[in-house]
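This report concerns only the one structure given below.
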Amino acid sequence: LSTRAWILCLADLSGIDVFKNTGVYTLLLIFQKKDPEVATAPKATLVVCRDFVEQALQSVLDGVEIERPAFSVYEVEQDYFEAKHWTVVSKSALAIETKLSRFPKLKEFLEIRQGFVTGADDVFIRNREDVAVDEIEVYAQYLHDREMSAYTVPSEVPRVVFYPFIDGEPLTEEALQERFPQTWAYLVANRGILESRSGVPENNWWKPNRSRPNRMLRPKIVTPYLTISPRFALDLKGDYAVSRSPILYAKGTVGNEKDLLTYFVGIMNSSVGFWYIANHSHKYKHGYAKLELKTLGETPVPSLAESPLLVKRMIELVDKRLVSDGSQAIELEREIDSVAELLYDLDQDERRLLKFDE
């Protein structure tokens, strides 16, 4: 579009309930076919609106630039739209966006993948109490998005998911029947449902579609697929399996796995880290951000080699946060925010602007 047309106005109205009781991402886009005889391209007006939409759009009509907590209206050159992805932020946030974009990407340090896909969650995900104690070995603890919180995973969860692997090796149908007869009987009782899944080979009717054996039960960071606030949690023991939501684990050549995950869970839960993630994610009703794998991978992050003393401090603070709660946890999160701002090299004005833009 930007190669054939001039963008005249792009108004992000995702924070406005334009169509009642729907979860659509609403924007106003005005563009005009380029005129080869016009040498100077017109400027485009960008609008970020959280409230007072009438005043914001009237400012566009009046040609007035304005910056308020409820909305921001300002002009940019057409080269703003040459980027592969268009991200609309307030004018005050543009400088921060530019500064952050110079940092390396999260995908350079972590593998970012999706949780398991069973194709029949109602069958494969079960209440723990419904599974025989001597057959729990073939199940993994299931962590639902609603059970995820910032930094820490729960000590226990009420549900488990069928996970046909023993010590990382796939379980055969014969071994399942012999060693786990009650689970086999349960699967046979639901065979009709399991066989109705599309794309499942006939001899694999009893298996989940994709269980992710090489990446699931390992030290990792988990996060909900949809969230309104940072809820990146550290599963250092690799106890939990998650469905469809992103999982992040260390690449094989980047150093100490525990320190790496601890450091990045602090960065992504920090105000500045999540501010960038939320700004670059698709928005849903009530301000929920959809955390897609590609978006997370492109998130700029300070390298562990950037400032060793600050990196060490971040790891220490997150370690303390993992075993704290209440007012102590809140104070530690403030300190984590401060260290993240230093790692991102934000000055005092940029920190104030960041808080203004949240």
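Where a number appears in this text, it was derived from the coordinates with a stated rule and is not lab data. All values reported here derive from a predicted model rather than from experimental measurement. Note: ideal-geometry Cβ built from the backbone for every residue, glycine included; neighbour counts use all protein chains shown.
Within a straight-line Cα-Cα reach of under 30 Å, Lys312 can be paired with the following lysines, leaving aside sequence neighbours fewer than 8 residues apart in one chain: Lys99, Lys105, Lys107, Lys220, Lys237, Lys251, Lys258, Lys294, Lys320, Lys355. Rounded to the nearest 10 degrees, the inclination of helix 53-62 to the longest alpha-carbon principal axis of the chain is 40 degrees.
Where is the GNM fluctuation largest for the chain (alpha-carbon springs, 10 angstrom cutoff): Pro104, Pro158, Pro246? In this elastic network of the chain, the residue with the biggest mean-square fluctuation among Pro104, Pro158, Pro246 is Pro158.
Computed from Cα positions, the angle between helix 326-343 and the longest principal axis of the chain comes to roughly 60 degrees.
To the nearest 20 debye, what is the magnitude of the charge dipole of the chain about its Cα centre, counting +1 on the Cβ of each Lys and Arg and -1 on the Cβ of each Asp and Glu?
Dipole size: approximately 460 debye.
Against the chain, whose longest principal axis is taken from its Cα atoms, helix 308-321 shows a tilt of about 60°. Based on C-alpha pairs under 8 angstrom that are at least 6 apart in sequence, the range 195-336 has a relative contact order of 20 percent. Spin-label pair Leu226-Thr98: with each label point 7 Å from Cα along the Cα-Cβ axis, the two points sit 3.6 nm from one another.
Can you give the helix-only mean residue ellipticity at 222 nm for the chain, where every DSSP H stretch with n ≥ 4 adds -39500 (n - 2.57) and the sum goes over all residues, rounded to the nearest 500 deg cm²/dmol? Don't jump to the answer; show the numbers that get you there.
Working: 12 runs with 111 residues, N = 358.
So the helix-based figure for the chain works out to -9000 deg cm²/dmol.
Summed over all non-identical Cα pairs, the Kirkwood treatment of the range 201-358 gives a radius of 16.9 Å.
So what is the relative contact order for the chain, in percent, with contacts set as C-alpha pairs under 8 Å and at least six apart? Don't skip to the answer; put the middle values down first.
Details: 590 pairs, mean separation 65.5, N = 358.
Taking the mean separation of contacting Cα pairs over the length of the chain, I get 18 percent.
Summarised as an ellipsoid, the chain has semi-axes of 43, 26, 18 Å, derived from the eigenvalues of the Cα gyration tensor scaled by 5 and square-rooted, with the largest first. A Gaussian network model of the chain, with springs between Cα atoms under 10 Å, assigns the largest mean-square fluctuation among Val272, Val53, Val38 to Val38. When the Gaussian network model of the chain links Cα atoms closer than 10 Å, the mean-square fluctuations of Gly287, Gly192, Gly119 top out at Gly192.
Which of the three applies to the range 1-75, rounded, prolate or oblate, going by the alpha-carbon gyration tensor with a ≥ b ≥ c and a/c under 1.5 meaning rounded?
Working: a/c = 3.21, a/b = 1.60, b/c = 2.00.
Verdict is oblate for the range 1-75.
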